[in-house]
Amino acid sequence: MITLASDFGSPYPAAMRGVLLRQCDARLADVTHELPRQDVRAAAFWLGFVLPEFPPAVHLAVVDPGVGTDRDALVVRAGDHALVGPDNGSLLPPARRLADARSASVEVFTYAYDDPDSATFHGRDVFAPAAARVHRTGVADVENLDAVTPAPSFVDLSFPDPAVDDDGATGEVLVVDDFGNVVTNVPGDVLDDLETVLVDGEAVPVGRSFAAVDPGERVVTVGSHGNVECDVNRGRGDEAFGLAPGDELRLDAPRG
Amino acid sequence: MITLASDFGSPYPAAMRGVLLRQCDARLADVTHELPRQDVRAAAFWLGFVLPEFPPAVHLAVVDPGVGTDRDALVVRAGDHALVGPDNGSLLPPARRLADARSASVEVFTYAYDDPDSATFHGRDVFAPAAARVHRTGVADVENLDAVTPAPSFVDLSFPDPAVDDDGATGEVLVVDDFGNVVTNVPGDVLDDLETVLVDGEAVPVGRSFAAVDPGERVVTVGSHGNVECDVNRGRGDEAFGLAPGDELRLDAPRG
Amino acid sequence: MITLASDFGSPYPAAMRGVLLRQCDARLADVTHELPRQDVRAAAFWLGFVLPEFPPAVHLAVVDPGVGTDRDALVVRAGDHALVGPDNGSLLPPARRLADARSASVEVFTYAYDDPDSATFHGRDVFAPAAARVHRTGVADVENLDAVTPAPSFVDLSFPDPAVDDDGATGEVLVVDDFGNVVTNVPGDVLDDLETVLVDGEAVPVGRSFAAVDPGERVVTVGSHGNVECDVNRGRGDEAFGLAPGDELRLDAPRG
């Protein structure tokens with residue numbers, strides 16, 4: 001199986017799909033092609049969120065603001081999964097999540113490629129053919145590909161750690177989803193036993209889900225990724241809280 | 001085969017896709033993940049429109065504004081099709097359409113589930129695993145699943161009936177599609193033999209299709225669902241008619 | 001294999017998918033359903049861009065502003081590929097690209113159809129069933145279908161030729177992609193050996209890719225289709241250059 005993810009919108013993903021269908025017999029499954037555009041960190045977050053749900057696969061993942069520069073192409077192995085994409089950090093957080101779930105290690109390989117036809121569409125000309133080759137060879141044998149060598153170095157990316165203290169936590173907004181839900185880097189357990197939490201000083205109910213509050217009301221929940229989310233029931237949390245990716249936020253237990 | 005429908009946009013549908021691919025060997029076919037957000041009635045309409053085109057399948061259909069409440073999960077059988085999703089009425093109209101086409105009855109089952117990891121993503125944690133189980137067991141044997149029992153009660157949903165009289169009909173806008181076409185609940189035959197129809201008192205040409213009028217002009221047609229539509233050729237009917245879902249509208253034959 | 005392309009957005013493509021799955025056993029691959037709405041020329045461009053990447057297939061391609069008129073349905077064969085869709089020119093440019101890559105000729109057939117249930121959804125009622133039949137029969141035997149006859153005439157479409165002269169070229173904007181990149185009809189080789197080009201008199205750097213300039217800066221590149229593109233690194237070229245599909249533009253080498 002090969003999964004496809006990108007920030008390409010339409011119609012460019014079809015060119016990658018065509019290349020894969022022409023060059024190998026893998027079953028294909030789209031992840032999404034609506035990743036936030038050229039946002040490497042958001043790509044890393046969302047890929048880390050969804051790829052662990054999949055059975056063993058080659059994951060073609062192309063969010064590539066550096067296309068046309070001399071940045072490398074990577075193949076990253078995490079147990080029986082492999083990720084193929086640009087060397088910009090986007091593959092490492094999902095690879096670590098895949099590896100952790102399998103008690104496997106993350107192995108990073110450089111994939112050597114000739115200068116392709118186009119300097120602007122490596123998804124079609126470099127990464128899709130690489131994913132097809134990795135699939136044909138098999139993830140377990142990826143180092144046998146002549147284009148593949150252990151990476152002497154590579155771009156890594158980690159999400160910022162929140163600062164948890166006795167009163168609460170100082171964290172950061174990682175992404176905002178399509179519903180406007182504000183996903184932070186603060187682990188959900190800071191909300192344990194709280195019925196209300198102060199978000200940047202304002203009291204907001206804590207709920208198991210959006211439905212804990214009336215439509216249009218703000219609520220702080222633990223999202224499906226395990227982190228604190230700032231949401232609005234049937235509305236947009238980003239607008240109601242005035243929060244965007246990269247913003248800092250402070251969560252405090254109310255004073256007794 | 002399992003079909004997938006939701007209002008999740010991107011990237012959440014990928015998590016359901018991954019779960020299905022991991023938990024069963026069904027062929028997957030996306031219906032859409034752009035159903036109008038948290039709009040149970042629109043979901044029921046569109047699912048009723050498209051699901052009857054499919055061969056026998058398990059239809060995973062998640063538009064779920066009540067996620068995280070104690071609303072039930074349902075498996076609804078309609079002949080050789082089954083629908084899996086939340087108990088909010090969205091599954092019943094499509095189930096009736098599927099059953100009618102097969103002279104089958106609609107059977108509604110409750111699907112018991114343990115409290116999942118996340119209170120906000122039952123699509124991934126409850127409904128996708130349920131659909132995979134129904135697929136593995138087979139639609140014909142769904143009552144043999146230990147989680148499945150005949151539903152003592154469930155939320156139903158019907159579309160409002162139009163009031164048809166000698167002069168025309170009083171109806172309601174059910175949905176507006178991506179093109180801006182205004183779909184009503186009025187059966188197409190009220191337009192029989194009419195060249196013009198009064199929409200809320202204003203005369204509009206009746207056409208077999210958009211192309212019956214010049215680009216930018218309003219036209220009333222019978223849509224592909226069999227109901228009256230208010231459209232604009234190469235434009236948006238919702239804007240030109242000032243109509244939105246839930247609005248009442250009056251159709252009259254012009255006075256002779 | 002059957003590929004699907006349209007300008008239908010959501011949820012109408014699902015009805016075509018259902019019909020195909022019900023009527024044949026082809027593997028399905030979506031191209032896109034976000035082609036620019038009712039824009040025959042853009043459809044022709046993008047289909048010509050992506051379809052040659054696919055292995056032999058039946059390509060169902062429905063951008064059909066004339067639905068409900070008496071325009072014909074076509075089956076166009078290009079070697080081991082076939083295209084099925086409306087007779088409005090959209091199929092011919094991609095067919096020529098598919099044929100050229102295979103040293104094959106383009107053969108145009110009319111596909112006769114009965115008046116369908118709906119005058120507004122021929123994608124479901126005419127073209128998807130036609131694609132399923134072509135797939136079942138096989139592209140090589142398409143003329144054996146009783147509905148298929150050599151087309152006595154058909155609508156063709158060609159992209160305008162640029163006027164290349166000693167100083168540069170006068171061209172036209174063909175399409176703007178989702179990223180805002182402005183794709184012209186000017187062949188990339190007019191940029192050979194240039195470090196700067198005058199776009200409508202203003203000097204803009206020529207780069208191998210977006211990344212040749214700083215974020216937010218304008219750059220002229222050769223796109224993945226081989227034509228000149230007017231782009232902005234991590235921004236929208238259409239806004240920065242003030243160019244839209246159909247606009248003329250002049251490219252000149254700077255005076256020595």
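The values are calculated or read from the model by the stated rules, or taken from the named source; none is laboratory data. The structure presented is a predicted model; accordingly, all values stated were derived computationally and were not measured. Glycine also receives a Cβ, built like all others from the backbone with ideal geometry; neighbour counts cover every protein chain displayed. Just so you know, the surface numbers come from the protein's heavy atoms only, side chains and all, with ligands and any DNA or RNA stripped out. Shrake-Rupley method; radii C 1.70, N 1.55, O 1.52, S 1.80 Å.
Restricting to region B:62-86, name every residue that is among the acidic types (D, E) and open to solvent by 20 Å² or more (accessible area, probe 1.4 Å).
Taking region B:62-86 as the starting set, the residues that turn out to be among the acidic types (D, E) are B:64, B:70, B:72, B:80.
Selection gives B:D70, B:D72, B:D80.
Among the residues of region A:157-169, are any out of contact with any Gly (no Cβ under 7 Å at 6 or more places or on another chain), among the β-branched types (V, I, T), away from chain C (no Cβ under 14 Å) and part of a strand (DSSP E or B)?
Yes, because at least one residue in region A:157-169 is out of contact with any Gly (no Cβ under 7 Å at 6 or more places or on another chain), among the β-branched types (V, I, T), away from chain C (no Cβ under 14 Å) and part of a strand (DSSP E or B).
Consider region B:26-59. How many of its residues are within 13 Å of the chain's Cα centre (by Cα), open to solvent by 20 Å² or more (accessible area, probe 1.4 Å) and within 18 Å of C:L20 (Cα to Cα)?
Residues that pass the stated criteria total 2.
Of all residues in region C:102-143, how many are closer than 24 Å to C:F54 by Cβ and among the polar types (S, T, N, Q)?
Total satisfying the criteria: 3.
Please work out which residue is farthest from the other protein chains (Cβ to nearest Cβ), limiting yourself to region A:182-201 and to residues that are surrounded by 22 or more Cβ atoms within 10 Å (Cβ to Cβ) and touching a Phe, Trp or Tyr at 6+ places or on another chain (Cβ under 9 Å).
That would be A:V182.
Here is a yes/no grid of residues against (1) charged (D, E, K, R); (2) farther than 22 Å from B:R37 by Cβ; (3) open to solvent by less than 30 Å² (accessible area, probe 1.4 Å):
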site: B:T149; (1), (2), (3): no, yes, no
site: B:F159; (1), (2), (3): no, no, no
site: B:D166; (1), (2), (3): yes, yes, no
site: B:V175; (1), (2), (3): no, no, yes
site: B:A203; (1), (2), (3): no, yes, no
site: B:S209; (1), (2), (3): no, yes, yes
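For B:P94, state whether it is of a type outside the set (S, T, N, Q) and within 17 Å of B:V31 (Cβ to Cβ).
For B:P94, the condition - of a type outside the set (S, T, N, Q) and within 17 Å of B:V31 (Cβ to Cβ) - is met.
Could you check region B:211-229 and list, in sequence order, the residues that are modelled with pLDDT of 95 or more, under 13 Å from B:P187 (Cα atoms) and open to solvent by less than 20 Å² (accessible area, probe 1.4 Å)?
Within region B:211-229, B:V220, B:T221, B:V228, B:E229 meet the criteria.
Could we say that C:D141 is crowded, with 17+ Cβ neighbours inside 10 Å, without any contact (Cβ under 8 Å) to a residue 12 or more places away in the chain and at negative phi here?
In short, no.
Just checking, does region B:8-24 include any residue being away from chain A (no Cβ under 13 Å) and among the hydrophobic types (A, V, I, L, M, F, W, C)?
Let us first name the residues in region B:8-24 that are away from chain A (no Cβ under 13 Å), namely none.
No - not one qualifying residue is present in region B:8-24.
Going through region C:71-90 one residue at a time, which ones are within 25 Å of C:P160 (Cβ to Cβ) and among the small types (G, A, S)?
The answer is C:A78, C:G85, C:G89, C:S90.
Only residues that are under 24 Å from the mean Cα position of the chain (by Cα), more than 14 Å from chain A (Cβ to nearest Cβ) and open to solvent by 50 Å² or more (accessible area, probe 1.4 Å): list them for region C:235-254, please.
Hits for region C:235-254 are C:E239, C:G242, C:P245, C:D247, C:E248, C:R250.
Checking B:V173 against (1) within 8 Å of another protein chain (Cβ to nearest Cβ); (2) in contact with an Asp or Glu (Cβ under 9 Å, 6 or more places away or on another chain): exactly one of these is not met. Which one?
Condition not satisfied by B:V173: (1).
Being closer than 20 Å to C:M16 by Cα and free of Cβ contacts under 8 Å to residues at least 60 places away in the same chain is the filter here, so list the residues in region B:60-74 that pass it.
The one that is closer than 20 Å to C:M16 by Cα and free of Cβ contacts under 8 Å to residues at least 60 places away in the same chain: B:A61.
Regarding A:V204, is this residue within 22 Å of A:L47 (Cβ to Cβ) and away from every other protein chain (no Cβ under 11 Å)?
no
Only one of C:D72, C:D100 is touching a strand residue (DSSP E or B) at 6+ places or on another chain (Cβ under 9 Å), acidic (D, E) and farther than 17 Å from C:A112 by Cβ. Can you tell me which?
It is C:D100.
Please find, within region A:11-23, the residue that is farthest from A:L60 (Cα to Cα) out of those that are touching a helix residue (DSSP H, G or I) at 6+ places or on another chain (Cβ under 6 Å), surrounded by 20 or more Cβ atoms within 10 Å (Cβ to Cβ) and not aliphatic (A, V, I, L, M).
Taking the candidates together, the pick is A:P11.
When A:V232 is evaluated against the numbered criteria (1) more than 11 Å from chain B (Cβ to nearest Cβ); (2) under 22 Å from B:D39 (Cα atoms); (3) surrounded by fewer than 21 Cβ atoms within 10 Å (Cβ to Cβ), which criterion, by number, is the only one it fails?
(3)
Mind listing whichever residues of region C:90-121 are among the aliphatic types (A, V, I, L, M) and in contact (Cβ under 8 Å) with a residue 40 or more places away in the chain?
Result: C:L91, C:L92, C:L98, C:A101, C:V108, C:A119.
So if I check each of C:F121, C:F127, C:F109, which one is aromatic (F, W, Y), surrounded by 18 or more Cβ atoms within 10 Å (Cβ to Cβ), under 22 Å from the mean Cα position of the chain (by Cα) and more than 30 Å from B:D189 (Cα to Cα)?
None of the others qualify; the one that does is C:F109.
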